[in-house]
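The values are calculated or read from the model by the stated rules, or taken from the named source; none is laboratory data. All of these numbers come straight from a predicted model, not from anything done at the bench. Cβ coordinates were reconstructed from backbone atoms using ideal geometry, including for glycine residues, and neighbour counts include every protein chain displayed. SASA here: full protein model, heavy atoms, side chains in, ligands and nucleic acids out. Shrake-Rupley method; radii C 1.70, N 1.55, O 1.52, S 1.80 Å.
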Amino acid sequence: MIEKIVNPKELREWEGKIELYWIYTSGKAGDEFFKKLKEDKFIASKCKKCGRTFFPPRIYCEYDFSDTEFVEISGEGYVRAFTVARLDGDENPMEEPEIYAIIDMDGTDGCLIHLLGEVKPEDVYIGMKVKPVLKDKSEREGMITDILYFKPS
Ligand SMILES: [Zn+2]
């Protein structure tokens, strides 16, 4: 937290949650990813030197610092790990449990953490093939929530 108080009258205390302001940018590669997502496309980035394919995409290879190029991927993948949430953020029981999974993205060396849907917790397994379900095109905002969830494929 970077804060510079120049006017002593600005000093105050908070009750409850502390107010914090920040700006998050997804960067050049992240921006491209979200633009493509709005067009029903998934992209990763492939290192021009070593061939590693990064997901989420990056503008340079973190192993040899070489340039990368964007490549289109299917957006499908496999469940590497998952957990089932039965309590909400306030620790109240949820009507329906939510399943969070680490999904290894096909054709890449990367993964994504997202919700699973259209499947019961007891039917999820490691290695399960999944595909993304996106919001309606008119409702997409260029955010990770444009992906509603992944479902078994
Ligand atoms: Zn590389």
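Based on DSSP, what percent of beta bridges with both residues in region 27-152 are antiparallel, to the nearest 5?
Close to 95 percent.
What base-10 log of the normalised intensity I(q)/I(0) is obtained for region 27-152 from the Debye formula, alpha carbons as equal point scatterers, at q = 0.11, 0.16 Å⁻¹?
Log10 I(q)/I(0), no solvent term: -0.42, -0.82.
How much length is gained on full extension from R12 to N92, taking 0.36 nm per residue of separation minus their Cα-Cα distance?
Here the segment from R12 to N92 would lengthen by 25.5 nm.
For W22, project a label point 7 Å along Cα to C-beta. Then give me every residue of region 94-113 with its amide nitrogen under 19 Å of that point.
113
Using a 1.4 angstrom probe on heavy atoms only, work out the carbon and sulfur share of the accessible area of the chain in %.
For the chain, the apolar C and S fraction of the accessible surface comes to 51 percent.
Could you tell me which residue out of P97, M143, F54 lies farthest along the dipole of region 27-152 toward its positive end? Charges go on the beta carbon: Lys and Arg +1, Asp and Glu -1, centred on the Cα centre.
F54
Given +1 on the Cβ of Lys and Arg, -1 on the Cβ of Asp and Glu, and no further charges, what dipole in debye does region 45-153 carry about its Cα centre, rounded to the nearest 20?
Computed about the Cα centre, the dipole is about 540 debye.
Taking the chain as a Gaussian network, where each spring joins two C-alpha atoms under 10 Å apart, which residue of G30, G75, G51 fluctuates the most?
Residue with maximal mean-square fluctuation among G30, G75, G51: G51.
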